[in-house]
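Since the structure comes first, as structure tokens, the remarks are kept for the end.
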Amino acid sequence: MEISTQCTLTYGTFDVLHYGHIRLLMKASALGLPVRIGLSTDEFNILKNKKAMLKYEARKEILLNIKNVVSVFPEETWDQKRNDILKYNAKYLIMGDDWESKFDHLSPLVEIRYFERTPYISSSEIREIRN
Ligand code: CTP
């Protein structure tokens, strides 16, 4: 598969999608390129000590219905970003500022933007309310 169009890449679990996620994806979209999401698999979430309420396929289905999100692919390791950036011809890598500076080592390959996290909302909080 040849991918030539540039894109914006982002990563995460995106469990029980909430307005913090939506705002981040809108900021990604505002950069003007199609958005591709590396979505943490259920197995990778275990490594991250995260137990998502929704399975990978359900989280993926929701994300694929968001404007400008053109693909969702599995995030299975911490180290795959370099390959993904090249494979998907990423111009931007965007993350919430809870990840500030964590991916700076990739900056020769891609422009990195850390956007301010939306306060007072997270998937963990929603999962807690449910329990
Ligand atoms: N994010 C954000 N604002 C929030 C929550 C998340 O900007 N209030 C961003 C994160 O910084 C990340 C992306 O959304 O770039 C996916 O985050 P994820 O970890 O899936 O969301 P959280 O709600 O933080 O999940 P959890 O509580 O399980 O850690």
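Nothing in this text is a laboratory measurement; each read-out follows from the coordinates by a stated rule. Everything numeric here is computed off the predicted structure, so don't read it as measured data. Backbone-built Cβ (ideal geometry, glycine too); neighbour counts: all protein chains shown.
Amide H to amide H under 5 Å from I112: which residues, 5+ apart in sequence or cross-chain, H placed 1.01 Å off N in plane?
When sequence neighbours closer than 5 places are left aside, the close amide H contacts are L93.
With only alpha-carbon pairs counted, each pair once and no self-pairs, how large is the Kirkwood hydrodynamic radius of the chain in angstroms?
Working: mean 1/r = 0.0665 Å⁻¹.
Radius from the Kirkwood sum: 15.0 Å.
Dipole of the chain, Cα-centred, from +1 at each Lys and Arg C-beta and -1 at each Asp and Glu C-beta, to the nearest 20 debye?
Roughly 240 debye, rounded to the nearest 20.
For region 1-74, what is the convex hull volume of the alpha-carbon atoms per residue, in Å³?
93
Between 0 and 90 degrees, rounded to the nearest ten: what's the tilt of helix 19-29 against the longest Cα principal axis of the chain?
For helix 19-29, the angle is close to 10 degrees.
What are the ³J(HN,Hα) couplings of region 75-87, residue after residue, when phi is run through the Karplus curve with 6.51, -1.76, 1.60 and θ = phi - 60°? Round to Hz, x for glycine and proline.
Taking θ as phi minus 60°, the curve returns 9, 10, 9, 6, 9, 7, 4, 4, 5, 4, 4, 6, 4 Hz for region 75-87.
Sequence-distant or interchain residues sharing an amide H contact under 5 Å with S40, placed H: which?
Those lying under 5 Å, H to H, from S40 are G12, T13, E75.
Under a 5 Å amide H to amide H cut-off, with H placed in plane at 1.01 Å, what residues pair with M53 once short-range neighbours are removed?
Under 5 Å from the amide H of M53 lie the amide H atoms of V16, each far enough along the sequence or on another chain.
Identify, among H18, Q6, I94, the residue whose Cα sits farthest towards the positive end of the charge dipole of the chain, taking +1 on the Cβ of Lys and Arg and -1 on the Cβ of Asp and Glu, with the dipole about the Cα centre.
After comparing all options, I get H18.
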